Amino acid sequence: YPPERIRNFSIIAHVDHGKSTLADRLLELTGTIKKGHGQPQYLDKLQVERERGITVKAQTATMFYRRIINSSDIHNEEQSDYLLNLIDTPGHVDFSYEVSRSLAACQGALLVVDAAQGVQAQTVANFYLAFESNLTIIPVINKIDQPTADPDRVKAQLKSLFDIDAEDALLTSAKTGQGLEHVLPAVIERIPSPPGKCDLPLRMLLLDSYYDEYKGVICHVAVVDGTLRKGDKIASAATNQAYEALDVGIMHPELTPTGILFTGQVGYVVSGIRSTKEARVGDTLYHARSIVEPLPGFKPAKHMVFSGLYPADGSDFEALNHAIERLTCNDASVSITKESSTALGMGFRCGFLGLLHMDVFHQRLEQEYGARIISTIPTVPYIFEYSDGSKVQVQNPATLASNPGKRVTACWEPSVIATIIIPSEYVGPVITLCSERRGEQLEYSFIDSQRAFMKYRLPLREIVVDFYNELKSITSGYASFDYEDADYQTSDLVKLDILLNGQPVDAMATIVHQLKAQRIGRELVDRLKKFIDRQMFEITIQAAIGSKVIARETISAMRKNVLAKCYGGDVTRKKKLLEKQKEGKKRMKRVGSVDIPQEAFHELLKVS
Ligand code: GDP
Ligand code: MG
């Protein structure tokens, strides 16, 4: 397949508008997967994705498509074969880094919009990602089978927001199959073929990688120029390491060896890279000893939320370290540094793109790598200035200096610009919510007679915890929301400590806005009280700012121990109880003298 016969495109849309289902239909249409076999949303392979019904990882599939053009003379029918690479992308705002990386391998995108819901916040965000990458955009109005579908309204929205002409839009139902026959011909006609040159030295962009037990690290690559053959010696521009291409092929949709990848193709290469640190997403790979200009690569990921990650059982540190190394290979957007806590021992400070991203990372560690973890209260990266003139970014509240020689003289918190699209009757409650969250309105307009479009500047801290859920609940689920990071704003921040029996627990410290400290302190103490069991002695739980206690609870001592209930006689019962006690202990973390169950840490995450 010469580049003229290749098309690389991705599918972008707001969550639930039908990207993954449309991808399924296109895979079926081209015989890449069998109809009715396989599971729906075929490309959502991860357990998290299936459980949550969302796409987290972009996935590539190569399809072969024969196009038959009937000219007026029936004996003169033209056939041409095309190789199409389809990349399904996540829709949630936390994963837009995944989307922007996928777009680097594409020349076009299908912008899918639900015919009933119309343009939503992530439709806007994804449109601009694709537009800025100079991709050809094919608007696809999907779910036209729904009784409430109103394609004309969506067309008008596309025109007014993106200047997309109504006649460019394709109308489809990924459910009934209506209109699908026009999708691939439009891809071929409208999307340009990849611009690379076959006769230039090999250059490949490393798109993604993951660890396979048997093969080692598998790299997904886009061949920009030249040709890659099995057995070629290749080198990395980032590390200067050289490797041999042991296996080369395409995702069709499973790994299918072809022994060769031509200019413009997207495929995989196994090169005996063992350590995941060597496979850097965004790296350029080329033929060893040839001299090439590295490709532009990717913008580094911006970490919005940080939290500590500790093994639930102190001895598992090495196992957790190993699991994290493997998983970060498949999720290059997490930042990891080692840290230690007096309460929890050795662990890691992790930076995430958002709370959903954090959640998904935790779930994947547990499901795919069997790790058992404790996570500390997430925080956003604040900046503090001290009396000695030094300025630091604080990713771990515990490290905020509290010695009197180093007073805090100023602080800043990160903010975001949020886009909110809602039916106009919900404007009032949304404005109230945003001002409770310390937001500042920047724009307020209407995209048509029924939908309002608002832009707000909001402190990042206020949206990472539970903002979206709350927004959904006050708008009966109709709000859509997206954000991009903006600059730092001065703020009035304090460190809130949690003390157990008078001892501050470093892993429970948080940084909060002055005005919210009282309420958050109270809520943290209440939650801890609910989740810490009575023990042999009295436990006091306090929230404090500096030396000032702002909330306090006590848990009274337990009188009887477990065995007191057995009247000495029944040995098996005694054994059972002891076992049960042991099991219960395993999920405990001892902090000072107090046993804290793992769930207590989980509960603290939910306080906003
Ligand atoms: P994604 O989040 O954009 O990948 O969306 P999915 O492909 O996971 O689809 C979300 C939901 O919409 C699923 O329940 C699909 O079955 C449903 N869906 C997708 N396409 C259509 C369609 O054309 N018509 C109808 N009625 N439902 C659809
Ligand atoms: Mg999906």
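Less than 11 Å from a label point 7 Å out along the Cα-to-Cβ axis of residue 104: which backbone N atoms in the range 301-330 qualify, by residue?
Counting backbone N atoms under 11 Å from the label point, the list is 301.
What number, in nm² with one decimal, is the all-direction average of the projected area of the convex hull of the alpha-carbon atoms of the chain? Please list the in-between numbers first.
Working: hull surface 135.2 nm².
Taking the Cα atoms of the chain, their convex hull projects to 33.8 nm² on average.
Considering Cα pairs under 8 angstrom that are at least six residues apart, work out the relative contact order of the range 363-506 and quote it in whole percent.
25
Can you compute the modelled spin-label distance between residue 162 and residue 318, with each label point 7 Å from Cα toward Cβ, in nm?
It works out to 5.2 nm between the two label points.
On a 1.4 Å probe surface of the protein chains, which of 536, 558 comes out largest in accessible area, and what is the full order? Mind dumping the intermediate values first?
Working: 536 115, 558 70 Å².
Result, largest first: 536, 558.
Looking at this model, which pairs from 57/155; 302/455; 215/277; 338/406; 455/516 are more than 18 angstrom apart at the alpha-carbon?
57/155; 302/455; 338/406; 455/516
Taking 0.36 nm per residue of separation and subtracting the Cα-Cα distance, what length does fully extending residue 340 through residue 246 add?
Roughly 29.8 nm would be gained on extension.
If you roll a 1.4 Å probe over the heavy atoms of the protein chains, what accessible area per residue do you get for the chain, in Å²?
On the way: 27320 Å² over 608 residues.
That works out to 45 Å² per residue.
Assign one of three labels to the range 124-163, namely rounded, prolate or oblate, based on the Cα gyration tensor with a ≥ b ≥ c the square roots of its eigenvalues; rounded applies when a/c is under 1.5, prolate when it is not and a/b is larger than b/c, and oblate otherwise.
prolate
Would you calculate the separation in nanometres between label points at residue 229 and residue 590, each defined as 7 Å from the Cα along the Cα-to-beta-carbon direction?
For residue 229 paired with residue 590, the spin-label model returns 6.5 nm.
Tell me, what is the Rg over Rh of the range 103-205, with Rh the Kirkwood radius over Cα pairs? Walk me through the numbers on the way to the answer.
On the way: Rg = 15.3 Å, Rh = 14.7 Å.
Taking Rh as the inverse mean 1/r over Cα pairs, Rg/Rh reads 1.04.
In the chain, carbon and sulfur make up what percent of the accessible area (probe 1.4 Å)?
On the chain, the fraction of accessible area on carbon and sulfur atoms equals 50 percent.
Residue 408 to residue 440: extension gain in nm, 0.36 nm per residue of separation minus the Cα-Cα distance?
8.9 nm
Under the rule of -39500 (n - 2.57) per DSSP H run of 4 or more residues, summed and divided by the residues of the chain, what mean residue ellipticity at 222 nm is obtained, to the nearest 500 deg cm²/dmol?
-7000 deg cm²/dmol
Give me the net charge for the shell around residue 451: Cβ to Cβ below 11 angstrom, other residues only, Lys and Arg +1, Asp and Glu -1. It would help to have the intermediate numbers written out before the result.
Details: positive: 153; negative: 425, 448.
Once all neighbours under 11 Å are counted, the net charge is -1.
If we count GluC sites (Glu not before Pro) as exposed when they sit in a DSSP loop and have at most 11 other beta carbons within 10 Å, what is the longest stretch of the chain that avoids them all?
In the chain, the maximal stretch lacking such sites is 255-608.
For residue 449 and residue 572, compute 0.36 nm times the residue count separating them, minus their Cα-Cα distance, and round to one decimal in nm.
37.1 nm
Taking only Cα atoms, what is the 0 to 90° angle, nearest 10, from helix 19-29's long axis to the longest principal axis of the chain?
40
The values are calculated or read from the model by the stated rules, or taken from the named source; none is laboratory data. Because the structure is predicted, anything quoted here is derived from the model rather than measured. We place every Cβ from the backbone using ideal geometry, glycine too, and count neighbours over all the protein chains shown. All accessible areas refer to the heavy atoms of the entire protein, side chains included, with ligands and DNA or RNA removed. Shrake-Rupley method; radii C 1.70, N 1.55, O 1.52, S 1.80 Å.
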